[in-house]
Every structure is written in C-alpha cells, then in structure tokens.
C-alpha cells in the first residue's frame, strides 16, 4: 500500500519528459542484473539467436552455462560430465571464456529468451565473477524493461486502476533514471529484486500495465528539476 501511495504522490509533484543524454530521441537501454550467484544457467529460445564471443554463430538450441571448478574459474559455454569447454553451434565452436570476458546472446526475433525458465526481451550476457559463480545480465530498452516491472510492483489483477498503474510506471521510470549505473562495478545498472525494483521479464507482462507504460512513455517525476 505504501508503494502505491508513493507512486501517486510522485506523479502529483510534477511530470517531466525524460530526454536521453545528448538529446537523442532513442530510448535508453538498461542493464538488469538477473542473478549474481548462479552456478549454472540454462538459456533457451524458440527462435534462432546469436552467441558472441570472439566469433559469432547463429543457432537454435538450448545452452547450459557452467563454471569449471578445475580451470581457474573459467566460464564454460556448455558443460558435460567432463566439463569440456566448448559449445557446438552448427559445426562451429565457441571456446572457453575467461572470467573477465563475456558471452552475449542476441535474439533474432521477438519470441524472447528463456533464462532458467523465465522469458526476457532484449539480450542476455553471462560472465563469471569474483564469487566463482555467474552474473547474468538482461540488456534491453528502458520502456521494454518497465513492461516487466509495473505489473510486479503494482499488480493489475488486484489493483485494476489505469491511472494508478500510470503513476507506478512514472515512479518506476524515475527510479531507473535516478539510479542508472548504481551497480556498474557488478556489470549492470540495477538489480531485478525488491532491493531495486521487482523485474520478472516478458512472461509477467499484462495488458493494463502495458497500456500504463505506453501512455506515459518517457515521463518521469521531478522535484526541483531532479528525478
């Protein structure tokens, strides 16, 4: 209830149209830390996607990512019983990735990418971290990100008021603008939990909350010209 009140109050303070740095009309992208402690990550898509690491390959397959505990914390793009550090993609190979390098998965279509059985828009990055686990990052346009935030911060199924959802969309957008890059040392902008904003991806989107995001596109709350 407190979050609902805050969202409405923010919208009442003032509304401003967010302009990306440099005057660009393109919506900014945001990097969301989906997890920072994954020992393995399963990535799937119903459509072909590309995997980039030194070379780029196109594939339609399930990729399991795991750490090799015996290889200086290197990231493997596929694990089998022998931890062989390769993934076969249409006859090519994506080799082992040192922990300071990254694997990036870009979708060729709009079906979304499944990461551990949850679907996301945009691209996925996987890289090893100092905790000897994986960090998984979802990079996507800010407005697309909000589609997976608003219904989880203020559920349309229990609070089906468009104006309240629009206020929540403005509050969520304002939060991102104000806190962009707060976790850059971890390799992303903000997290996906309630420590930041609850983000559950494309599979959580609902029509009414999507309408709220669309109808407030680019609008943030400001106070004394600051988000």
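Remark: the stretch 143-197 is approximated by an ellipsoid whose semi-axes, taken from the C-alpha gyration tensor as √(5λ), come to 23, 11, 8 Å, largest first.
Report the gain in length on full extension from residue 208 to residue 184: 0.36 nm times residue separation, minus Cα-Cα distance, nm rounded to one decimal.
Values: separation 24, 0.36 × 24 = 8.64 nm, distance 3.21 nm.
Going from the current span to full extension adds 5.4 nm.
Segment residue 200..residue 117, full-extension length gain: 28.8 nm, with 0.36 nm per residue of separation and the alpha-carbon distance subtracted.
Multiplying the residue separation of residue 106 and residue 224 by 0.36 nm and subtracting their alpha-carbon distance yields 38.5 nm. Taking label positions 7 Å along the Cα-Cβ direction at both residue 27 and residue 163, the computed distance is 2.5 nm, reported to one decimal. Highest mean first, the peptides 164-175, 147-158 sorted by other C-beta atoms within 10 Å per residue fall in the order 164-175, 147-158. When a/c reaches 1.5 or more, the comparison of a/b and b/c decides; with that in mind, is the stretch 132-227 rounded, prolate or oblate per its Cα gyration tensor? It is oblate, given that a/c is not under 1.5 and a/b is not larger than b/c.
No value in this document is a laboratory result; all are computed from the given coordinates. In this text the structure is predicted, and so the values were computed from the model without any measurement. Methodologically, a virtual Cβ is constructed for each residue, glycine included, from the backbone with ideal geometry; neighbour enumeration extends over all protein chains shown.
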